[in-house]
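The block underneath contains the structure these notes are about, expressed in structure tokens.
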Amino acid sequence: MKLLLNLRKRKKFKLSEMIDSFSNEEPDKLISSDLSANEHFLRDIFQQCSDVVFRVVPINNKTKLLFVYIDGLCDTKPLDEMMLNPVRTSEKKCEVFIFEEFVANQLRAVAQIKSTKNVNELINGILTANVAVLVEGETTALLADLKGFEKRSIEEPSSETVIRGPRDGFTETLRVNTSLIRRRIRSPRLKIESFTIGKLSKTDVAVVYIEKIASDSVIEEVRKRLESIEIDGVIETGYIEEFVEDFPFSPFPQIQNTERPDIVCGSLLEGKVSIFVDNTPFVLIVPMTFWSGLQAAEDYYERFIYVTFIRWIRYILFNISLLLPSIYVAVTTFHPQLIPTNLLISIASARENVPFPLLFEAFMMELMFEALREAGIRLPKSIGSAVSIVGALVIGEAAVEAGIISAPMVIVVAATGIASFAVPRYNFGTAYRLLRFPMLILAGLFGLYGVILGVVAILIHLVHLQSFGVPYLSPIAPQNPKYLKDVLVRAPRWSMHRRPIKVAGQDKTRIPEGRQTKT
Amino acid sequence: MIKRLKICLIILVCMFLTTGCWDEREINNQAIILGWGFDQNEDGDYIGSAQIVVPGEVGERSSGQGKGYIVETATGKSLLDVTQNLQRKLSRKVFSSHQKVIVIGERLARNGISNILDIYSREPELPIRTNFFVLKNGDALDLLEVPYKMEDMPSTAAMKMFQSTAGPESTTFKDFLEDASSEGISPTLPILEIISSKKEGNQEKEKDTETFRLGGRAIFNQDLELVGFLSYREAVDRLWIINKLNTHKLTTNLLREEGNVGILGMNFKSKIQPIIQNDQVEFHITLSVTGVVRENNTELDLKQPKNLQIIERSFNKNLKNHMISTITKVQKEYKTDILGFGQSVHKKYPRKWKIWKKYWSKKFSDADITVKVDMHIERTGVTGSPLHLKESEIQK
Amino acid sequence: MKISKYQIFWMIASLEIGMVLLLTQSPAIEEAKQDAWISFVFAGLAGIGITFAAGKLSLLYPNQTFIQYSQIILGKWLGRIIVIPYFIHWLSVIGVIFRQSSEIIQMTLFTRTPLFILIVLLLLLVIYVNCIGGIEGIGRCSEIMGPLIFLMVIITLFLNFNNIEWDKILPVYTDSGLKSILQGGLTPVSFYGESVLIMMLLSFTEEPKKGVTWAVWGVGVVAILVTISTLEILMVFGANLSSRLWYPFFEMARYISLMQFLQNIEIIVTVIWIFSIFIKLSIYLFVSSYGIAQWLNIKDWRKVIWFVAIASIVLSLIYPNNNVASVSYLEKYWLPFVLPINMIGIPLLLWGIGVIRKNLKQIDE
């Protein structure tokens, strides 16, 4: 936490140098009643912004209406209607144009209306997809909410696919995302609090939780941390994540992110709090434990026996992805007496012509694998398959045949790679990918002793890690045997009576005890 | 201040990283020794021979030119000395953690092997799961040079030969140490013999038809000197008595009928019961075995239970006689208790044992032995009577 | 820093099982021969008794550590003096444990790596966990390492099943006799008695009464596991071999061979050993630093850690060889002084006086 506050202090320093021209000078400037003065002022502010449209609609030859909006952000159909209506009515009635009547009758029917006398609010309104309506002679301007920008339709998220489960994913629009949550939890206890973060981006951020299920201290902490963020722009939830997390220097993430609404709703029902940010489909879920990093959405949709088995395979594979290269290097380099004799002879004969020492070979292969993985992400799909062929042939076959790499090393690296793909949460898997290299170094220096010490060191780090007050490894350390049901195994749905203890607030019961589904 | 201390500490630790690692050894810089042989020459020096794996010639990639191993020897005053001198001949460092087989030449065995055993218990790299063998009529070096085509390494062949009778996980070294250090039993070691496979018993050994086989058992006295041998069949009896026989195929002639029957024996069990009367000890040995008939060279129809009983009775008598002759031979000729009778007295009459253990070999030779063998035939294979006999020939 | 009752259980269990399993078998079997397992039964019972006594003592003043309530019970000066044997005990034993553990690791895993490196590496980790988490961090670590340790012990016992010969533990009792059996049990008791550390730790728990129960359970479970492993060692190796080996449990793990493939899994024992030693050293470091800080009225106990750490490196390297560190230390200091005074004598004395004082106070009121 001390580190966090230092970071924020530093950021505050630099920000005060970034002055937004108009917001600091005259924060309380009011709109004048002279329309042309307003128009002139606004045109000045929006100089060189070719997508800001100014339309003057004369009415009655006496009054003029000025519509200011940003082309592309506003929905043009109701806009046109809005602009034509006063012309039509004025033609009919030929009376003096009354502003309030106009507001009451015409505009409210079309869009949500907000009135303002403040120039900054007016400009902010234009920038957030409102249409500004200014009338000659009035100091009040109207902002009509006519959001009509292009949005992506709801599709299955590409980064988290499931075999069974809903296939809708979040999009870049905040309101669409919150609507996906509302559809699943229909209770007024689902609270959505709004914040605006970012001086230039003024991004809408929403904090969503279920009252009385989420713990008050966590909600309070989230509010506090969000309010203290000072930054110029928030593009993605990652920005907020880095400001808000407890241990920025830990390789393990303390905030979960997801693209799937069903995961968010499941977490909300467990008592977690989620943070939505406009313009990105990734949603943050807080607090996070080590075990949620290893859970996939499907864990809760399939039957419990199978899921328990898969869960254990995941735990084992996860640890293999960290330890296998190090153990291989350690055992073959320092303790060959531990390998069964036949295996030892096979490895020795495979390595007979290889020019590199084992540690170096391991490092090279691991780096190559990471490079391949990174390259594979960015490539367009047409070349993607070629890369895998190149990888397999060149690195695997040819290098082994040429005697540069030994076959057991290729197998070890490939097995490690496969094991690391078993992690369902991408940001969690990156932790072990990073840690594999220091473990390799330790194994190369101190053999198995180094590996064991490395594991102990990682364990010590994990044990004191916290996410918003919840210890990272609960419920295993500190132990709470009643809550181990969802960690060691996945208990059947009808026996999960309680919500996770450290996370939940007052309402701790999911299902009343003694209830089973069997007939 | 704390921060500076932390940084100092980290730099200190990093310094260790730059000094290199002390124990790193590449696999390909190790000479993996799979089999070891011990001899003693006339001067009393030990000759050690090592069978070392050549990894480059092992496996399918070898075009059959190399054998996959080489044999090297060295001389010295103790095992450690021998290893040091052996290292002078080897381009890779000696690595003996995978020794499976250690062969002792007969001359060394007769002179006593207690001087070479200490390093095997003490050195942490040498496993306790090794097999010791005694080579009859020869030097251990000769054995290590005999090629064995069925296994990659001839040493593993010797080990597997032993395990086929005594069980897949048995070893000889630990048993030897236990027997040597306890007072109720004398240690033994299995024997290997070099033979030429085509002409049995021929004195001239032709090099490319040479092979080795498992012999009986070598008997050591309390000073760990070789005093005698048991034949293979007697060694099987001994394993049976000490309850370590795993499977064995037994053949016997029937008592009243013509022909012989062979069975596969499993579940060999033995119970030694000492009974003390008037300061003399008697041993009642009950042996039991479960058998499956595998070969029937008589005309009996084995579907009839009474025929099975005939066979069982024959086996019981013949096995009992053989067992008694083995035990008598050990008692009278060698006078060393390799069968664990002393241990059974220790367990049942501990107070008597305290007195007797000083002159146990005398007491052992004078003891009376009664043996009872109980064989139980479970199955007879696929048929009852041989399929090639005519109906009239079968005896029901 | 708060710890829960489960953490007490796992901490006591982890810290005891490593050394008892590896170091005490050989001396016990040397004394009691094939009846050594009976010695371990007695030792377990005695260990439970010691833990119970220490626990009851701490319950008199549940929110204070040993250093504090000894001053209350015996008065300021006497209370401070009576704690000094404990400081000697803790500081010297940290050095010995470092030395012994590094010797084992060197014997099994390395040959040329200098002891100093092994010790320093382990020390860095122990300092890390103490600085970052204190006893809470150690408790959580032990909740993860403890089950792993137990699992590995059980696996080792299980895999050795086909090497067992039941009759090796006969004849029972006649070869040794009550005296040797009890004498063989002395060394294990002195190791079980390290659970008197709970006198310092119970003040950090939320429910001290349950803490005592779980601590006793910890010693009990360890005693059961160790007795079973002694039985198994005797049945695999016999009394003669196991009394001469330094570490019979380790050799037993080495002897496992299953399907000709699962061999040489001595690494399991090494892992058990390193985990257990790590927890033990961390607790000792914490208790020493915290204790010294309380004794000298120093506010931040973390600063004392550095002093204790350097002292322990020095103390671990002053022994010329392993024999002096293990055998002489055990015979000349640990058994004659620590066992009767620190583990049995002083707690019982304080308990007695404490109870009397409380009764007197109640009579006064």
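A short reminder: the numbers here are calculations on the coordinates, not readings from a lab. The structure displayed is predicted, hence computed values, not measured ones. Neighbour counts are summed over all protein chains in view; Cβ atoms, including those assigned to glycine, are modelled from backbone coordinates with ideal geometry.
Considering only DSSP beta bridges with both partners in chain B, what is the antiparallel share in %, to the nearest 5?
In chain B, approximately 65 percent of DSSP beta bridges are antiparallel ones.
Which residue, C:I138, C:I50, C:I105, has the most motion in a Gaussian network model of chain C that connects Cα atoms within less than 10 Å?
Among C:I138, C:I50, C:I105, the largest mean-square fluctuation in the Gaussian network model of chain C belongs to C:I105.
Please get the size of the charge dipole for segment C:285-359, origin at its Cα centre, with Cβ charges of +1 on Lys and Arg and -1 on Asp and Glu, quoted in debye to the nearest 20.
Rounded to the nearest 20 debye, it is 320 debye.
Is there a quick way to get the dipole size of chain B? I mean about its Cα centre, with the Cβ of Lys and Arg at +1 and of Asp and Glu at -1; what is the value in debye to the nearest 20?
1460 debye
Rounded, prolate or oblate: which fits segment A:312-470, taking a ≥ b ≥ c as square roots of the Cα gyration tensor eigenvalues, rounded meaning a/c under 1.5, else prolate when a/b beats b/c?
oblate
Give me the one-decimal nm value for the distance between modelled label points at B:Q222 and C:I313, 7 Å along each residue's Cα-to-Cβ direction.
The answer from the label model is 5.5 nm.
For segment B:250-257, what does the Karplus curve 6.51 cos²θ - 1.76 cosθ + 1.60, with θ = phi - 60°, yield as ³J(HN,Hα) per residue in whole Hz, taken in order and with x for Gly and Pro?
With coefficients 6.51, -1.76 and 1.60, one gets 10, 10, 8, 7, 6, 6, 10, 9 Hz.
What FRET efficiency, computed as 1/(1 + (r/R0)^6) with R0 = 30 Å and r the Cβ-Cβ distance, is obtained for A:K114 and A:D216, rounded to the nearest 0.05?
In this case the efficiency is close to 0.40.
Taking H as built 1.01 Å from N, whose amide H comes closer than 5 Å to the amide H of A:R490, not counting residues under 5 places away?
Long-range HN contacts for A:R490: A:T308.
For the protein assembly as shown, what is the percent of antiparallel DSSP beta bridges, rounded to the nearest 5?
80 percent
Classify segment C:128-216 from the C-alpha gyration tensor, please: rounded if a/c falls under 1.5, else prolate or oblate depending on whether a/b exceeds b/c.
Judged from the Cα gyration tensor, segment C:128-216 comes out oblate (a/c at least 1.5, b/c at or above a/b).
What is the fewest-to-most order of A:M409, C:M1 by other Cβ atoms lying within 10 Å of their Cβ?
C:M1, A:M409
Roughly what would the spin-label model give for B:Q84 and B:Q395, points 7 Å off Cα along C-beta, in nm?
It works out to 7.1 nm between the two label points.
For A:R189 and C:L258, what is the calculated FRET efficiency with R₀ set at 56 Å and r taken between the beta-carbons, to the nearest 0.05?
0.45
Taking N as the number of residues in the protein assembly as shown, what value does Rg over Cα atoms divided by 2.2 N^0.38 Å take?
Here the Cα radius of gyration is 1.23 times the empirical estimate.
So what's the back-of-envelope 222 nm ellipticity for chain C, counting only DSSP H runs of four-plus at -39500 (n - 2.57) apiece and dividing by all residues, rounded to 500?
Only helices count here, giving -25000 deg cm²/dmol.
In terms of modelled amide H atoms, which long-range or inter-chain residues lie less than 5 Å from the amide H of B:I195?
The answer is B:T211, B:F212, B:R213.
Could you point to the residue in A:A386, B:I27, C:F337 farthest towards the positive end of the protein assembly as shown's charge dipole, with +1 and -1 charges on the Cβ of Lys/Arg and Asp/Glu respectively?
C:F337
Under 5 Å between amide hydrogens, which residues at least 5 positions from A:T196 or on another chain qualify, with H placed 1.01 Å from N in the peptide plane?
Correct list: A:V205.
As I understand it, the value is the acute angle between the Cα axis of helix A:341-350 and the longest principal axis of the Cα atoms of chain A; what does it come to in degrees, rounded to 10?
70 degrees
By how many degrees, between 0 and 90 and to the nearest 10, does the Cα long axis of helix A:426-464 differ from the longest principal axis of chain A?
It is inclined by approximately 30 degrees.
Restricting attention to segment C:274-365, which trypsin sites (Lys or Arg not before Pro) occupy a DSSP loop and are surrounded by at most 11 other Cβ atoms within 10 Å?
Answer by residue number: C:K299.
Work out which trypsin sites (Lys or Arg not before Pro) in chain A are exposed loop sites (DSSP not H, G, I, E or B, at most 10 other Cβ within 10 Å) and give the longest gap free of them.
Here the longest run is A:304-514.
If you place +1 on the Cβ of every Lys and Arg, -1 on the Cβ of every Asp and Glu, and leave all else neutral, what size is the dipole of segment A:113-268 about its Cα centre, to the nearest 20 Debye?
The dipole magnitude comes to about 720 debye.
Mind checking which helices in chain C clear 27 Å along their axis (Cα) and have mean Kyte-Doolittle hydropathy of 0.0 or more, DSSP H runs only?
The qualifying helices are C:5-23, C:36-60, C:76-109, C:115-159, C:208-244, C:266-295.
First check a/c for segment B:41-185, with a ≥ b ≥ c the square roots of the eigenvalues of its C-alpha gyration tensor; if it is under 1.5, answer rounded, and if not, answer prolate when a/b is larger than b/c or oblate otherwise.
In terms of gyration-tensor shape, oblate.
Could you work out how far helix A:216-227 tilts from the main Cα principal axis of chain A, as a 0 to 90 degree angle to the nearest 10?
Once rounded, the angle reads 70 degrees.
Output the Cα-based Rg and Dmax of segment A:174-288 in Å, rounding Rg to one decimal and Dmax to a whole number.
According to the Cα coordinates of segment A:174-288, Rg and Dmax are 13.2, 39 Å.
What's the FRET efficiency of B:S114 with B:N297 using the Cβ-Cβ distance as r and R₀ = 60 Å, to the nearest 0.05?
The computed FRET efficiency comes out at 0.80.
Could you tell me which chymotrypsin sites (Phe, Trp or Tyr not before Pro) in segment A:239-347 are loop residues by DSSP with no more than 12 other beta carbons within 10 angstrom of their beta carbon?
Sites meeting the loop and neighbour criteria: A:F249.
Report the one residue of A:I192, A:G266, A:S179 whose Cα lies farthest in the direction of the positive end of the charge dipole of segment A:174-288 (charges on C-beta: Lys and Arg +1, Asp and Glu -1; origin at the Cα centre).
Farthest towards the positive end: A:S179.
With unit charges on the beta carbon (Lys/Arg positive, Asp/Glu negative), name the residue among B:G342, B:V371, B:L264 whose Cα is farthest towards the positive pole of the charge dipole of segment B:233-396.
B:G342
What's the extension gain from A:Y306 to A:E121 if we count 0.36 nm per residue and subtract their Cα-Cα distance?
Working it through step by step, the gained length comes to 61.0 nm.
On average, how many beta carbons from a partner chain sit within 10 Å of the beta carbon of a residue in A:459-470?
Per residue, the number of nearby Cβ atoms from other chains is 4 on average.
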